[in-house]
1. Any idea which of VAL147, VAL135 is within 28 Å of PRO188 (Cα to Cα) and buried (at least 18 other Cβ atoms within 10 Å of the Cβ)?
2. Is it true that LEU86 is out of contact with any Lys or Arg (no Cβ under 9 Å at 6 or more places or on another chain) and surrounded by 14 or more Cβ atoms within 10 Å (Cβ to Cβ)?
3. What is the number of the single condition among (1) surrounded by 14 or more Cβ atoms within 10 Å (Cβ to Cβ); (2) polar (S, T, N, Q); (3) farther than 18 Å from GLN180 by Cα that THR100 does not meet?
4. Could we say that PRO188 is in a loop (DSSP other than H, G, I, E, B), on the phi < 0 side of the Ramachandran plot and at pLDDT 60 or above here?
5. Do we find a residue being closer than 30 Å to ALA126 by Cβ, without any contact (Cβ under 8 Å) to a residue 40 or more places away in the chain, buried (at least 19 other Cβ atoms within 10 Å of the Cβ) and in contact with a helix residue (DSSP H, G or I) (Cβ under 9 Å, 6 or more places away or on another chain) anywhere in the stretch 67-83?
6. Being touching a residue at least 40 places away in the same chain (Cβ under 8 Å), closer than 15 Å to LYS129 by Cβ and either outside the structural domain of ARG116 (by TED's automatic domain parsing) or assigned to a helix (DSSP H, G or I) (or both), is that true of even one residue in the stretch 144-161?
7. What are the pairs with Cβ atoms under 8 angstrom where one residue, in the stretch 173-190, is closer than 15 Å to THR158 by Cβ and without any contact (Cβ under 8 Å) to a residue 12 or more places away in the chain and the other, located anywhere, is surrounded by fewer than 15 Cβ atoms within 10 Å (Cβ to Cβ) and among the small types (Gly, Ala, Ser)? Sequence gap at least six, or different chains.
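The values are calculated or read from the model by the stated rules, or taken from the named source; none is laboratory data. Here the structure is a predicted model, which is why all the values come from computation and not from measurement. Don't worry about glycine lacking a Cβ; one is built from the backbone with ideal geometry, like all the others, and counts go over all protein chains shown.
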Amino acid sequence: MSVRRLAERQPPSFAFTAENLAWAKAQIDKYPSGRQQSAVIPILWRAQEQCDGWLPQKAIEAVAEMLGMAKIRVLEVATFYTMFNLSPVGKYHVQFCGTTPCMLRGADGLKKVLHRLIGEENEVTADGKFSWLEVECLGACVNAPMVQINADYYEDLTPETLMQIINDLSNGKAPKSGPQIDRQNSAPIGGPTTLTDPSLYEDSQTSGPVSAALLDDDAKKPGKAANVHEAPIPKPPVADATDPRQK
């Protein structure tokens, strides 16, 4: 992993808002006495959200003081995890997946679009709207190639669809997240290709077929609670009429 350093230009101070401070204290209270430092990652994440997507040095130091940690230890956490941005990012921060499955599916074309429309990695556009960064696998390999923009995944991309997404965001529109083709989540393109024989769903206990498994976007009916069990068949009394001792 390459060396990650704090940005040269830093704000002079940082303080949590009242709402975020209350949230941070609630996270700390989840841990037993003496283990409050376990809350460092979620509180750093909250600080990053408050700072428009990046972690200034003063925010890192504020988290250290809140948790009673040495500043260097919190800095080690912030520089180790790449989900923490150490320099300012755009309003729409694009994380481009450049690992093997995405590259095999045409990610190189997406990278060219990002260079053309946004610029170099870790640079913010003049209007402050966009930045991008190449990252490791984001876990959506079956829907490659893909990018993550802020909290949303955009999958099954082509250079043309990525250009449209960026243009829509630039114009204040909300593009559809998820697969950009006719695909249901991570299901096969064009619909199911296996287990489609109706006879597979014949119920031996009934006279007719039962319905196939629900699709992901169908409503799921709740089943019995895990702690509900059928009562066992009671054992006969020790001395009932069948007991030979009664004859």
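1. Values: VAL135 fails: buried (at least 18 other Cβ atoms within 10 Å of the Cβ).
The match here is VAL147.
2. Working: out of contact with any Lys or Arg (no Cβ under 9 Å at 6 or more places or on another chain): no; surrounded by 14 or more Cβ atoms within 10 Å (Cβ to Cβ): yes.
Taking the combined requirement at face value, the residue does not satisfy it.
3. All conditions pass for THR100, except number (1).
4. Values: in a loop (DSSP other than H, G, I, E, B): yes; on the phi < 0 side of the Ramachandran plot: yes; at pLDDT 60 or above: yes.
For PRO188, the condition - in a loop (DSSP other than H, G, I, E, B), on the phi < 0 side of the Ramachandran plot and at pLDDT 60 or above - is met.
5. Restricting attention to the stretch 67-83, the residues satisfying the condition of being closer than 30 Å to ALA126 by Cβ are 78-79, 81-83.
Applying the additional criterion that residues be without any contact (Cβ under 8 Å) to a residue 40 or more places away in the chain yields 78, 83.
Now drop any that are not buried (at least 19 other Cβ atoms within 10 Å of the Cβ), which leaves 78.
Pick out the ones that are also in contact with a helix residue (DSSP H, G or I) (Cβ under 9 Å, 6 or more places away or on another chain) and you get 78.
Yes, the conditions are met somewhere in the stretch 67-83.
6. Step one: filter the stretch 144-161 for residues touching a residue at least 40 places away in the same chain (Cβ under 8 Å), giving 144-150, 157-159.
From the residues that got through so far, the ones that are closer than 15 Å to LYS129 by Cβ too are 149-150.
Narrowing further to those that are either outside the structural domain of ARG116 (by TED's automatic domain parsing) or assigned to a helix (DSSP H, G or I) (or both): none.
No: zero hits.
7. Pairs found: ASP182/GLY190.
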